[in-house]
Amino acid sequence: MREPQIDYAAVFRALPGMVALLTPDLVYADANEDFLRLAGRTREQLLGRYIFDVFPENPNDPAAAGMRETRESMLRVVETGERDTMALLRYDIEDPERPGHWQQHYWSPVNAPVHGPDGKVVLIVHRVEEVTELIRARGGPGGDPQARVLEAELYTRSRELQEVNERLRRAHAREREVALALQAALLPAPRPLGNHRVAVRYRPAIGALNVCGDWYDLVELPGNRISVAVGDVVGHGLAAACVMGQLRSALSAAARVADGPAQALEVLGLYARFVDGAESTTAVKAYIDWDTHTISYSSAGHLPPALLQPDGTVTFLDGATDPPLGARPDHVPRPQADLPFTEGSALVLYTDGLVERRTEDIDTSLARLADSLTRHRKSEPEPLADALLADLLPSKGSTDDTALVVISL
């Protein structure tokens, strides 16, 4: 059956209700017929013009806040890529037939993003429902006095709700900044590890509350060996960053004295019992020995590291997996496995933000990682790390933070 040919421009103009399209610079790109009719403007008066040049704020109302709140809502949509529903808003409109005469209007606005192929916001859908007549009807000569009181109370509460939401947004943004600064201070800076080539990456989540639970760590060991780890704290924000710092430091110290990765994770598990918020943390630890060409590893509920062979074959290190930290009531020795590697291979450790998607099972996610590794098998660690992020992270950003370590073997 042939799909119907739809004129979406005609559909847009015929949409019931007031709908306009604006650029990220808040310039009108289009408006439907109801918007033009109810706003009392022609298409020529709107298109290509800045929204607040067309609809300036009432200069006779010192308490007017409609322009500021509308602008902040639209810019928030551009910045976050998410829909923003505003509270009931008073925004007066100047009568185009009588300059200087302002008509009182009440609106219920919603601003939504239109994303381009690269995930960036290219247009803002501005839908407004005028509720002026409803407000007036409540307060008219025949109106119910109790209803008028209720309407005024509703308007007051909606304004208060808008202000509370704005304060919460600012608080969340501030917490994100502080948490990311703490995260950067706690994670080790990239540095040479002998003659070994290593790339590390950390990408925060796009949400203000979903950052700073992931970490990586690299430790030089006696002989031609290093240890590498990645981990993921269950919580988010400042609390997760603090827990992450404690666990990373403890595992880093344990790696220097433990006989192997399993014993290092055992020590970390015992320590985690006394750290609030550390329960259910996942981590994977690997020791790499270039003299014996062996990887020893152990996992506490974490996703398996990937070993990329020179011919493009990918092997997931899933032979020594145990529950996350604090999952068992009693201490039990953790398993450990060894795997040989050939020169020219690469070991990749990562956290779930790189691969997991809510709409698919983990086998599909790991297959996508393996495919990306195979396609970029000839890349050095730095370009390989960049390629993995480009291939696997959503174009709009991930809802979970991501830690990634790539080691050339």
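The values are calculated or read from the model by the stated rules, or taken from the named source; none is laboratory data. Every value quoted in this text rests on a predicted model; they were computed, and no experiment measured them. Quick reminder, even Gly has a Cβ in these numbers, built from the backbone with ideal geometry, and neighbours come from all protein chains shown. Surface areas here come from the heavy atoms of the whole protein model, side chains and all, with no ligands, DNA or RNA. Shrake-Rupley method; radii C 1.70, N 1.55, O 1.52, S 1.80 Å.
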- If you average over every viewing direction, what projected area does the convex hull of the Cα atoms of the range 341-409 give, in nm²? 4.7
- Stretchable slack from Ala14 to Arg273, in nm (0.36 nm times residue separation minus alpha-carbon distance): 87.0 nm
- Task: Any chance you could check the Cα centroid distance between the range 50-104 and the range 353-409 for me, in angstrom?
- Result: 44
- Item | Calculated FRET efficiency for the pair Asp371/Arg328, C-beta based, R₀ 30 Å, to 0.05 | 0.30
- Item | Probe 1.4 Å, protein heavy atoms only - accessible area per residue of the range 226-307 in square angstrom | 33
- Item | Accessible surface of the range 235-381, 1.4 Å probe, proportion on carbon and sulfur as whole % | 51
- Message: Loop-only GluC sites (Glu not before Pro) in the range 295-362, please: DSSP not H, G, I, E or B, and at most 14 other Cβ atoms within 10 Å.
- Response: Glu343, Glu360
- Item | Per residue value of the accessible surface for the range 1-85 (all protein chains in place, 1.4 Å probe), Å² | 61
- Message: Need one value: the accessible area of Glu33 in square angstrom, 1.4 angstrom probe, rounded to the nearest 10.
- Response: 90
- Note on the structure: For the range 257-409, the charge dipole (Cβ of Lys, Arg +1; Cβ of Asp, Glu -1; about the Cα centre) points to a positive end, and the Cα of Ile362, Val257, Leu317 closest to that extreme belongs to Ile362
